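K.L.:
A single structure is presented below for examination.
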Amino acid sequence: MAMTHLVRWAARAPAPVYAAIGPGRQAEVERLLTRPGLNRAKTPRDAAILLVAGDLPSSSLDALNRLHDQLPRPRTTLRWLDGDQEAIAHRITTALRALCDGAAGEDDRLPDTPANEWKGIGPHGQGGKGMMGGTPYGRPMAMTGKDVRDGLQLDRYTTRVGPFAPMLPPGLVLEVTLQGDVICEASVQAAPFAQPAEADAPALCAARMLRLLGLDAAADRVIRGRPLRAAWVTGAVPRGLARINDTDARDRLSAWLRSRTVTVAPPDLAALLPGSEWSEAMLILASLPPSALIRAARATEAA
Amino acid sequence: MIALLALFAVWTGWRVFRVDSMVRASFALMLSFVSVGAIGVLLSAPYIGVATVFMMAVEMMVMAIFMVMFMMNPAGLNPMVMVHQHRLSIAAGVLAFVGLSAAILLSPLPSDPVPEGSDVVAQLGHELLGPSMLVFETAGVTLLATMVGAVILSSRQGWFGAADHGSRPPDLTAGGDPAGRQPGDGGGHGHHHHGGH
Amino acid sequence: MTLTIVLLAAAALIGIGLYGALSQQSFVMLMMGLELMLNGALLAVVGFWSQSLGGMPEGQLMAIIVMAVMAVEMAIGFALIVAVYRKRQADMTESIGTLKQ
Amino acid sequence: MQAVIVILGWTAFAVVLARALQPAANSTAPQAAPFLGGGTPDMHAWQRFHFRPYSMSLLFIAFEMEMMFMYPWAVVFVSEGIKALAEMGMFLAILSVGILYGWREGIFRWQ
Amino acid sequence: MTALLVLAVLATLLGGTVLAALMDRAALPLAALLTRQRVETEAPDRMNRDLSSAWYLALAAIGLSVVPFAPGLALIDSPVGIVIWGSCEALVVVTVFLHGWSPNAPFPLIGAYRYAAIGLPIMLPSMFVLIAAALPAESLSLIDIVESQREIWNVLRQPLGLPLFLVVALAMTLRGPMDYADAADIATGTSAEESGAARALWQVARLAMLVSISAIAATVFLGGPLGPVLPGPVWLWLKTAALMALTVWIGNRVARTTPDRMLTILWVVLLPLSFLGLIIAGVMAL
């Protein structure tokens, strides 16, 4: 009884969609996800539907599979190849209803094997040895190293983020080494996917920064072309972030909010990111228009 | 009730040194403080009891942060024992407990409980303000000295330039193999998935 | 009776704290032992105040002083750990011993 | 007595509720990998985490101790009158020096 | 009487949580979450993961138990009510930290530490405004604080108190400008790795905490159950609902700055403001 009510409510809820955005589709997906019946999930753990927009290059298929498997069951993948917003919105709600009606959903795409074989190794069978050695539970532990800010040498955490990270532009794979939440080293493993000029539209650029500032509703309003209703928006962006051609992140945000296009020379990403705290780094990346960011990342990647 | 809480306080206190994860150790200690606070509330010391919970929740949060910052293997992913002079310590601990217990059990404890319905918080307030400004001034100066001392010691800009100037790595003789794997020697670095070339 | 139970628990906490303070190699864990001993002291003070001192306000003041000692000990202790780690990248009590050389 | 029982009761209630509502978690290996937008980590996320405002947290536990004195002070404030105001003003002024010093040293920034 | 008060707390918590979910437009998504799998991360701290949401919920219930539903009538009738609430705030920081620590994943971990950095100092203004409210009452008990507002509400007598406390409410409920634990730039931070019922329970606990802290604010600054004609509990509910709506509204409309700037703002702007509020309250009370 309770279960049937729950399922009925679940079917009426806005569809939680996690978008894996391919080349050329960023603007369309960003506009699509402001529709009332859809909910933009910020993590795959919150999503039921994986929306794959456009043709992904084969190099990012591994990442897509990893992302797909991270969605909780039951889940569905939808591919969106044409530009028809009505049709895809309809497909998403139909798919969600099918999941609520008991459709089995998709199985994992990757084999059920850990990153490293660990079971039965080590004194407790946990895969580790000694104090910090081995690969306990399948992964090694972080080790200490140089720090960029205060010289306290604590652990460094190295990881690749992207290409479908919600806070990074689609396609960008960053290899970052973090110490705490400060980026010590950053390198571009893959440049963002090419996007048409539409992705540089002031409303979309402003909305990306507004989301990082915790203003989702305001971001949706700006994309729909309505006036912004929020306080302390430009003031919340620190001064001096990513200063290029005499404009910093705050200046670019206020230009976008006044519907002005911003053009900047592509910066040197490898010099821009290290030393900044994670949320500052995300603001820096979001404050660059996609065209500039893509050129910058390609230059860094080539170097 | 008091006996149960006392038992819980002792058990969580014991768990502090028996868990692998530093976060669990800190918060086991916090639970020990919380149950001591609850005993305080039951023993007609509502302010001291609740304030213990308040203060210790905060202090153990900071404790957990520093434990994780400076302990190897902070999450206890590899089970470990990091003790020295183990027998001596056990002996000292047991001796302290036995000695104190004997003193408690053998000496006559005067019985003069807090009078029913006395406003202990207001009494404490009057005691703190007191006839002179002594308590507040002493506490203020002590805490100021602590604040300044903690900032000087912990921040990089000491009085004589950067504090890590001329520092060198430690001798690794004492702790066995504490530095573990060096950062560059393999293991898990082979999984780069390049894309978009 | 209540007082005996409370004081015995306090004695046990002090005993465990002493064991921890003596046996732990790491400076941070040593601080936990100290805190546990102070916890026992706090319990004893509160118990004594409540059952044997007839509600003398000095007893409560004593408990506050114990807590202030804890706060001061923690702030200075951790600041020292940061300073030593910065100099030596070490967090073992034995390594601190070699600092004297 | 009632306060302690109520607090224990709510805690037990919440724990039982959480147990009843949450099914056991289960995952296959690819599902269990930490979410990094399709990326892969090299190591466990648990680490000697470099908490940046550590000097702030030390200043904080010293400063927070003053709360212990302030609560009883608030109760007797009206009956002690202007003297209580003066003492607390002095106390807070002394402690504010510590905060100003910390601010000058930049401990409220990410170090 | 006690049983009735337990029911009152439970009903307020339940009704308030549903109301908060409707204000957030989160009711249906929360129901939907319950139908999905609960994912487990690699080598998590299972005990703390399972307990953190439960503790958050329990702290909301304990906080609400201190609130008087009618003049002189609270489930926890303690002489140190605001200190109990202060302990709840301190334990919320611990709980959110554990929630982010336990999954053994990078984004939750960053969220946990960020919240520890912001959540600890935010307690100072919170304590100062509550102490300021205790001055005219000459007591730390919320019942006496309500009684002291028979002539004039604290929101008028201590104009800085409520605005500062709303900032605390945003931080304690992980909302909008103070949501450093579950922010968007770390993919919803401490709950980034949680799905299904576990995620739903964490969100429910956040909403319950919103009810609890709004009820505290209504009691301390808006006279709680005091009011003409209607019975006490109804006034308390109305005032709580109004403050909940205000908090949600602010949370949706004010931008969040970077954590290190917020830390400086907390110590250098909000803390002196709360000193000022205390001095104003002290002079008014004499």
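K.L.:
Taking the stated definitions as given, is E:Gly224 farther than 30 Å from E:Leu34 by Cβ and crowded, with 22+ Cβ neighbours inside 10 Å?
P.N.:
Details: farther than 30 Å from E:Leu34 by Cβ: yes; crowded, with 22+ Cβ neighbours inside 10 Å: yes.
The answer is yes for E:Gly224.
K.L.:
Please name all residue pairs, on different chains or six or more residues apart, with Cβ atoms under 6 Å, provided the first residue is in the stretch A:148-160 and is touching a residue at least 12 places away in the same chain (Cβ under 8 Å) and the second residue is of a type in the set (Lys, Arg) and crowded, with 19+ Cβ neighbours inside 10 Å.
P.N.:
Correct list of pairs: A:Leu154/D:Arg48; A:Asp155/D:Arg48.
K.L.:
Do we find that D:Gly81 is at positive phi and touching a helix residue (DSSP H, G or I) at 6+ places or on another chain (Cβ under 7 Å) in this structure?
P.N.:
On the way: at positive phi: yes; touching a helix residue (DSSP H, G or I) at 6+ places or on another chain (Cβ under 7 Å): no.
Considered against the rule, which asks whether it is at positive phi and touching a helix residue (DSSP H, G or I) at 6+ places or on another chain (Cβ under 7 Å), D:Gly81 comes out as no.
K.L.:
Look through E:Leu263, E:Leu278, E:Leu243, E:Leu270 and report the one residue that is crowded, with 20+ Cβ neighbours inside 10 Å, farther than 28 Å from E:Ser139 by Cβ and of a type outside the set (Phe, Trp, Tyr). Explain how you work it out, then say what you get.
P.N.:
On the way: E:Leu278 fails: farther than 28 Å from E:Ser139 by Cβ; E:Leu243 fails: farther than 28 Å from E:Ser139 by Cβ; E:Leu270 fails: farther than 28 Å from E:Ser139 by Cβ.
Unique residue meeting the criteria: E:Leu263.
K.L.:
Name the pairs whose Cβ atoms lie under 6 Å apart, with the first residue in the stretch B:62-75 and more than 7 Å from chain D (Cβ to nearest Cβ), the second of a type in the set (Ser, Thr, Tyr) and assigned to a helix (DSSP H, G or I), and 6 or more positions between them or separate chains?
P.N.:
B:Met63/B:Ser26; B:Ala64/B:Ser26; B:Met67/B:Ser26
K.L.:
In the stretch D:18-51, what residues are within 7 Å of another protein chain (Cβ to nearest Cβ), surrounded by fewer than 17 Cβ atoms within 10 Å (Cβ to Cβ) and under 30 Å from E:Ala74 (Cα atoms)?
P.N.:
Scanning the stretch D:18-51 gives a single hit, D:Leu21.
K.L.:
Within the group E:Ala21, E:Ala27, which residue is without any contact (Cβ under 8 Å) to a residue 40 or more places away in the chain and within 15 Å of A:Leu6 (Cβ to Cβ)?
P.N.:
Numbers: E:Ala21 fails: without any contact (Cβ under 8 Å) to a residue 40 or more places away in the chain.
Residue meeting the stated conditions: E:Ala27.
K.L.:
(1) buried (at least 17 other Cβ atoms within 10 Å of the Cβ); (2) more than 21 Å from the chain's Cα centre (by Cα): which one isn't true of A:Leu269, the others all being true?
P.N.:
Among (1) buried (at least 17 other Cβ atoms within 10 Å of the Cβ); (2) more than 21 Å from the chain's Cα centre (by Cα), the lone unmet condition for A:Leu269 is (2).
K.L.:
Go through the stretch C:39-60 and give me each residue that's over 21 Å from B:Gly117 (Cβ atoms) and surrounded by 20 or more Cβ atoms within 10 Å (Cβ to Cβ).
P.N.:
Applying the first criterion (over 21 Å from B:Gly117 (Cβ atoms)) to the stretch C:39-60 yields C:39-45.
Within the stretch C:39-60, C:Asn39, C:Gly40, C:Leu42, C:Leu43, C:Ala44, C:Val45 meet the criteria.
K.L.:
Oh, and also: Quick one: which helices (runs of 4 or more DSSP H) sit completely within the stretch C:10-101 and have at least 1 residues that are modelled with pLDDT under 85 and under 19 Å from D:Met67 (Cβ atoms)?
P.N.:
On the way: elements: C:27-52, C:57-88, C:93-97.
By residue number, C:57-88.
K.L.:
Can you name the condition, by its number, that B:Gly37 falls short on among (1) in a loop (DSSP other than H, G, I, E, B); (2) more than 7 Å from chain C (Cβ to nearest Cβ); (3) touching a Ser or Thr at 6+ places or on another chain (Cβ under 9 Å); (4) free of Cβ contacts under 8 Å to residues at least 40 places away in the same chain?
P.N.:
All conditions pass for B:Gly37, except number (1).
K.L.:
Return the total of residues in the stretch B:102-128 being part of a loop (DSSP other than H, G, I, E, B), more than 14 Å from chain D (Cβ to nearest Cβ) and without any contact (Cβ under 8 Å) to a residue 12 or more places away in the chain.
P.N.:
Here is the first cut: in the stretch B:102-128, the residues part of a loop (DSSP other than H, G, I, E, B) are B:107-119.
If we keep only those that are more than 14 Å from chain D (Cβ to nearest Cβ) as well, we get B:107-115, B:117.
Imposing the further condition that a residue be without any contact (Cβ under 8 Å) to a residue 12 or more places away in the chain reduces the set to B:107-112, B:115, B:117.
Number of matching residues: 8.
K.L.:
How many residues does the stretch C:61-73 hold that are more than 13 Å from the chain's Cα centre (by Cα), at the interface with chain B (Cβ under 9 Å from one of its Cβ atoms) and surrounded by fewer than 24 Cβ atoms within 10 Å (Cβ to Cβ)?
P.N.:
1
K.L.:
Would you pick out the residues in the stretch A:188-220 that are among the charged types (D, E, K, R) and more than 25 Å from A:Thr263 (Cβ to Cβ)? Outline the logic, then answer.
P.N.:
Applying the first criterion (among the charged types (D, E, K, R)) to the stretch A:188-220 yields A:198, A:200, A:208, A:211, A:216, A:220.
The answer is A:Asp216, A:Asp220.
K.L.:
Tell me, please, whether a residue that is in contact with a Pro (Cβ under 7 Å, 6 or more places away or on another chain), closer than 30 Å to A:Pro123 by Cα and buried (at least 24 other Cβ atoms within 10 Å of the Cβ) can be found in the stretch B:78-87.
P.N.:
First, pick out the residues of the stretch B:78-87 that are in contact with a Pro (Cβ under 7 Å, 6 or more places away or on another chain): B:78.
Those still in the list that are closer than 30 Å to A:Pro123 by Cα too: B:78.
Still in the list and also buried (at least 24 other Cβ atoms within 10 Å of the Cβ): B:78.
Yes, some residue in the stretch B:78-87 is in contact with a Pro (Cβ under 7 Å, 6 or more places away or on another chain), closer than 30 Å to A:Pro123 by Cα and buried (at least 24 other Cβ atoms within 10 Å of the Cβ).
The values are calculated or read from the model by the stated rules, or taken from the named source; none is laboratory data. A quick note: this is a predicted structure, and the numbers were derived from the prediction, not measured. In this analysis, Cβ positions are derived from the backbone assuming ideal geometry, glycine residues included, and neighbour counts consider all displayed protein chains.
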